[in-house]
2 protein chains.
Amino acid sequence: MSKTDLFLKAAIEEAEQGRERGGIPIGSVLVYQQKIIGRGHNQRVQQKSVVLHAEMHTLEQAGRLPASIYKQCTLYTTLSPCAMCSGAIILYGIPHVIVGENQTFMGQEQWLKEHGVRVDVMQDKHCMEMMKAFISTHPELWNEDIGE
Amino acid sequence: MSKTDLFLKAAIEEAEQGRERGGIPIGSVLVYQQKIIGRGHNQRVQQKSVVLHAEMHTLEQAGRLPASIYKQCTLYTTLSPCAMCSGAIILYGIPHVIVGENQTFMGQEQWLKEHGVRVDVMQDKHCMEMMKAFISTHPELWNEDIGE
């Protein structure tokens, strides 16, 4: 299994942990020098949080880091990052984002690219199926999470 | 005192609370139907948070709200909102942002406007002086907060 596949798998495991606890199944990991330095999943249900999307929870778990570290990181996320999470990526200058899929939700990938962020989308079937199942069974929770 | 001045004053009081506890002096309030429904200030120092900028802390304190509420809110913030906070404003469809000042830091106001958000900048002297004093005495903390 490639490193990319391994780290995306870790993000998927985060999403699955969220789902098992009744949460929104989106997960993320932050990778620096081929090691995971932060991991997290959406906390809307578990922590009643409106800001801890998976990517934000991951950044929070990684803790306060110097800009020089962020600038060498890759962020993995199971779903295309929304405006808030894309903004956090731009704020901290994370240069590379690997996205599980963008078929069930298209975030601000274009804006990320305009800011020089490399965005690779894997169109991973497992990620897609996980989100499709969640959206069809919990449409109101999903809409709340994307401000609709 | 006008309502706008009153709510900006409440955001400034939040910033001052943060400063008194050794934090970064940026504050915010969320207003719905002329009432404050959320308030907060930057939590980088106090909670070791990298995501709880003042605006994010305010949204978190306001709790989980339906999209229909956000769409009638005004967000007050003592400083021009960064990419992350602007992304959160766009995600939740908050239509109006009142900014204390954008002279010490210019955030993503243009991007907000492109998304139909009304942005009013007060160029408030108190807000400016508070940030100038903070940046000159704590440049490393300030740079960390804006990913530099």
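Taking region B:128-148, which residues are closer than 15 Å to B:G27 by Cα and free of Cβ contacts under 8 Å to residues at least 12 places away in the same chain? Across region B:128-148, the qualifying residue is only B:E129.
In this structure, does B:K35 turn out to be over 12 Å from the mean Cα position of the chain (by Cα), surrounded by fewer than 16 Cβ atoms within 10 Å (Cβ to Cβ) and either hydroxyl-bearing (S, T, Y) or farther than 23 Å from A:D145 by Cα (or both)? Can you show your working first?
Values: over 12 Å from the mean Cα position of the chain (by Cα): yes; surrounded by fewer than 16 Cβ atoms within 10 Å (Cβ to Cβ): yes; either hydroxyl-bearing (S, T, Y) or farther than 23 Å from A:D145 by Cα (or both): yes.
Answer is yes for this residue.
Summed over region B:12-59, the residues that are within 18 Å of A:K48 (Cβ to Cβ) and among the polar types (S, T, N, Q) give a count of 4. Number of residues in region A:1-19 that are under 14 Å from the mean Cα position of the chain (by Cα) and of a type in the set (S, T, Y): the value is 0. Have a look at A:K125, A:K113 and point out the one that is of a type in the set (K, R), without any contact (Cβ under 8 Å) to a residue 40 or more places away in the chain and either surrounded by 23 or more Cβ atoms within 10 Å (Cβ to Cβ) or over 23 Å from B:Q108 (Cα atoms) (or both). The match here is A:K125.
Which residue is surrounded by the most Cβ atoms within 10 Å (Cβ to Cβ), if the candidates are limited to region B:128-148 and must be in a helix (DSSP H, G or I) and among the hydrophobic types (A, V, I, L, M, F, W, C)?
Once the filter is applied, the top-ranked residue is B:M130.
Examine region B:41-60 for a residue that is away from chain A (no Cβ under 14 Å) and under 27 Å from A:Q108 (Cα atoms), and state whether such a residue exists. The answer is yes; a qualifying residue exists.
Can you confirm whether A:E114 is under 25 Å from B:H53 (Cβ atoms), at pLDDT 95 or above and more than 15 Å from the chain's Cα centre (by Cα)? For A:E114, the condition - under 25 Å from B:H53 (Cβ atoms), at pLDDT 95 or above and more than 15 Å from the chain's Cα centre (by Cα) - is met. Exactly one residue out of A:G40, A:G63 is buried (at least 22 other Cβ atoms within 10 Å of the Cβ) and small (G, A, S): that is A:G40. Within region A:117-127, restricting attention to residues that are assigned to a helix (DSSP H, G or I) and under 15 Å from the mean Cα position of the chain (by Cα), the residue that is farthest from A:S86 (Cα to Cα) is A:H126. Screening A:H53 on (1) buried (at least 21 other Cβ atoms within 10 Å of the Cβ); (2) farther than 22 Å from B:I89 by Cα; (3) out of contact with any Pro (no Cβ under 6 Å at 6 or more places or on another chain) shows it passes everything except condition (2). Filtered by the rule that a residue be hydrophobic (A, V, I, L, M, F, W, C), touching a residue at least 24 places away in the same chain (Cβ under 8 Å), more than 12 Å from chain B (Cβ to nearest Cβ) and closer than 22 Å to A:G147 by Cβ, region A:62-104 gives A:L75, A:L79. Taking region A:13-29 as the range and being over 13 Å from A:T58 (Cα atoms), in a helix (DSSP H, G or I) and touching a residue at least 40 places away in the same chain (Cβ under 8 Å) as the test, the residues that pass are A:E16, A:R19.
Every residue, every condition in (1) of a type outside the set (A, V, I, L, M, F, W, C); (2) in contact with a helix residue (DSSP H, G or I) (Cβ under 8 Å, 6 or more places away or on another chain); (3) closer than 15 Å to A:L75 by Cα, yes or no:
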residue: A:M1; (1), (2), (3): no, yes, no
residue: A:F7; (1), (2), (3): no, no, yes
residue: A:E20; (1), (2), (3): yes, no, no
residue: A:P25; (1), (2), (3): yes, yes, no
residue: A:L30; (1), (2), (3): no, yes, yes
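Name the one entry in B:S68, B:S2 that is at pLDDT below 95 and among the small types (G, A, S). Sole residue among the options that is at pLDDT below 95 and among the small types (G, A, S): B:S2.
The values are calculated or read from the model by the stated rules, or taken from the named source; none is laboratory data. In this text the structure is predicted, and so the values were computed from the model without any measurement. Cβ sites come from the backbone with ideal geometry, for glycine too, and all protein chains shown count toward neighbours.
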